[in-house]
1. Please report the relative contact order for the chain, taking Cα pairs under 8 Å with a sequence separation of at least 6, and give it as a percent rounded to a whole number.
2. So what's the convex hull volume per residue for the Cα atoms of the chain, in Å³?
3. Let's test the formula: R0 of 22 Å, r as the Cβ-Cβ distance of Lys61 and Ser152. What FRET efficiency results, to the nearest 0.05?
4. Using just the helices of the chain, give the 222 nm mean residue ellipticity in deg cm²/dmol: DSSP H runs with n ≥ 4 each add -39,500 (n - 2.57), and the total is spread over all residues, rounded to 500.
5. Past the 16 angstrom mark, what percentage of all C-alpha to C-alpha distances in the range 1-61 do you count?
6. Show me the ranking of peptides 82-92, 41-51, 16-26, 56-66 by mean Cβ neighbours inside 10 Å, starting with the highest.
7. Send over the semi-axes of the range 1-103's equivalent ellipsoid, whole angstrom and largest first, taken as the square roots of 5 times the C-alpha gyration tensor eigenvalues.
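Values in this text are rule-based calculations from the coordinates and carry no lab data. This structure is a prediction, so every number in the text was calculated from the model and none was measured. Please note: Cβ atoms are built from the backbone with ideal geometry, for glycine as well, and neighbour counts cover all protein chains shown.
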Amino acid sequence: MKNHPIDRGFPSILYIVNNWPKTKHILKKYILSNQKKPDLFDLSLICLREIKVFKLGHFKKMIKKLSVQCSRNVYFNSYHDQHHFKTVLVLSCILAKQINLNNKDRILLIIIALTHDMNHQGRRIKTGIPYYQEDRSYQGLERVIFKKILRSSEIRRIKRIFRSTYFPIKPDKVKDNVEKIILDADILASLMFG
C-alpha cells in the first residue's frame, strides 16, 4: 500500500496511526502549524485514500468546490478557518481508521469534516436562534451537493450531524458512527486550539 504524506515534510496518516503514540508530536506539529494555508482539496483526497475510498465519481468535483468555499474565510474568522477544517479532517480520518464504515459513510465523513463549520461567522451570533451557525453551514453544503446524489434520509442525517456540533447542546447517546467521529474530531480540535 502506498503512503500518502499529509503535507511536505510530514508522514502519512497511516504511519502516524501505526506508530502511535510515538508519532503524537508529529501530529501535533502538523495540526498546530498554521504558517501556510492548507490545500483542503488535496488533503481531502489524501484522507479519502487513507480510509480506502478510491472511486469518487461525481463526489470529486463537489469536494473541489467545497474545498474552495471552505478556504475563503470571508468573515476573517480566526478559529473556524482553513486550519480548523484541516484539523477536523485529519482527526476524523485517524478516528475513521479505527471503525469499520461503509464506502458512502467514508465519503460523507470527509465531506462533513470539511464543511461542518463552513461560512462560520465567528463567535456565537446572538440571534436567539439555536443552531443558527450549524444551519448556515449545512445550507452552504446543501447548495453544492444535495438533491442530486443523496436520498432524503441521508440529507436529514447530515443536517442532524451538523446540528450536533452545536457546543451548548450535545447529544447524550450517539449511535451513528459518522456522527461520533465528527463530534470527537471537532471537540479534539477545540481542545488543541482552545
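1. With pairs under 8 Å counted, the relative contact order is 21 percent.
2. Given the Cα convex hull of the chain, per-residue volume reads 126 Å³.
3. Values: r = 22 Å, r/R0 = 1.01.
It comes to 0.50.
4. On the way: 9 runs with 112 residues, N = 194.
My calculation for the chain gives -18000 deg cm²/dmol from helical runs alone.
5. Numbers: 874 of 1830 pairs.
In whole percent, the share of Cα-Cα pairs in the range 1-61 beyond 16 Å is 48.
6. Put in order of decreasing packing, that is 82-92, 41-51, 56-66, 16-26.
7. Result for the range 1-103: semi-axes of 21, 19, 11 Å.
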